[in-house]
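Have a look at the structure below before the remarks.
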Amino acid sequence: MITLLAIVRNYWIAITLFTLVVITILSLYPLESLPPVPGSDKTHHFIAYGALMFPTALRKPNYWLLIGVFFVCWSGGIEILQPYVNRYGEWLDLAANITGIGCGLLIGRLVNRIFPIDFKTR
């Protein structure tokens, strides 16, 4: 567990960028209908944006708050663009995204309290 956390803390930028690209592609790829996957659409938004914020919250760089605001704006931009690619932009999706970002931040802070950063992972 600690080794996995060290990997996330060390490679948080790459993990975050990869997650952002995947979320963007999956959110803007034109579909005729949503694929049959278990769970609610809002749950998927919540989990995706929580996973997006978690590495940043775990590493907590000096500008972590700006990154969180950027994620909120990015998610709002995606919701605005979705009607132009045969998707539906919804306010509730944006609310689920923002809630996921907040929970990703809280979980990252909680993990940092349980497993503090040592000098080897910096």
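Taken over the range 1-48, the criterion of being part of a helix (DSSP H, G or I) and polar (S, T, N, Q) is satisfied by Thr3, Asn10, Thr16, Thr19, Thr24, Ser27, Thr43. Using the structure shown, decide if Val85 is touching a Pro at 6+ places or on another chain (Cβ under 7 Å) and in contact (Cβ under 8 Å) with a residue 24 or more places away in the chain. Criteria met by Val85.
Restricting the range 1-43 to residues that are over 13 Å from the mean Cα position of the chain (by Cα) and aromatic (Phe, Trp, Tyr) leaves a set whose member that is nearest to Phe70 (Cα to Cα) is Tyr11. Every condition in (1) without any contact (Cβ under 8 Å) to a residue 60 or more places away in the chain; (2) within 27 Å of Arg9 (Cβ to Cβ); (3) outside any helix (DSSP H, G or I) is met by Gly108 except one, and the failing one is (3). Note on the range 1-33: among residues that are in contact with a helix residue (DSSP H, G or I) (Cβ under 7 Å, 6 or more places away or on another chain) and more than 30 Å from Asn62 (Cβ to Cβ), the one that is modelled with the lowest pLDDT is Pro30.
In the range 75-101, how many are part of a helix (DSSP H, G or I) and buried (at least 17 other Cβ atoms within 10 Å of the Cβ)? I'd like the intermediate steps shown before the answer.
To start, the set of residues in the range 75-101 that are part of a helix (DSSP H, G or I) comprises 75-85, 91-101.
Adding the requirement that they be buried (at least 17 other Cβ atoms within 10 Å of the Cβ) leaves 75, 78-79, 82, 93-94, 96-98, 100-101.
Residues meeting the conditions: 11.
When Thr24 is tested against the conditions (1) within 28 Å of Ala6 (Cα to Cα); (2) exposed (fewer than 12 other Cβ atoms within 10 Å of the Cβ); (3) among the β-branched types (Val, Ile, Thr), the lone failure is (2). Taken together, the residues in the range 30-60 that are charged (D, E, K, R) and more than 21 Å from Ala14 (Cα to Cα) amount to 3.
The values are calculated or read from the model by the stated rules, or taken from the named source; none is laboratory data. Because the structure is a prediction, the values reported are computed rather than measured. Positions of Cβ are backbone-derived with ideal geometry, glycine not excepted, and every protein chain shown enters the neighbour counts.
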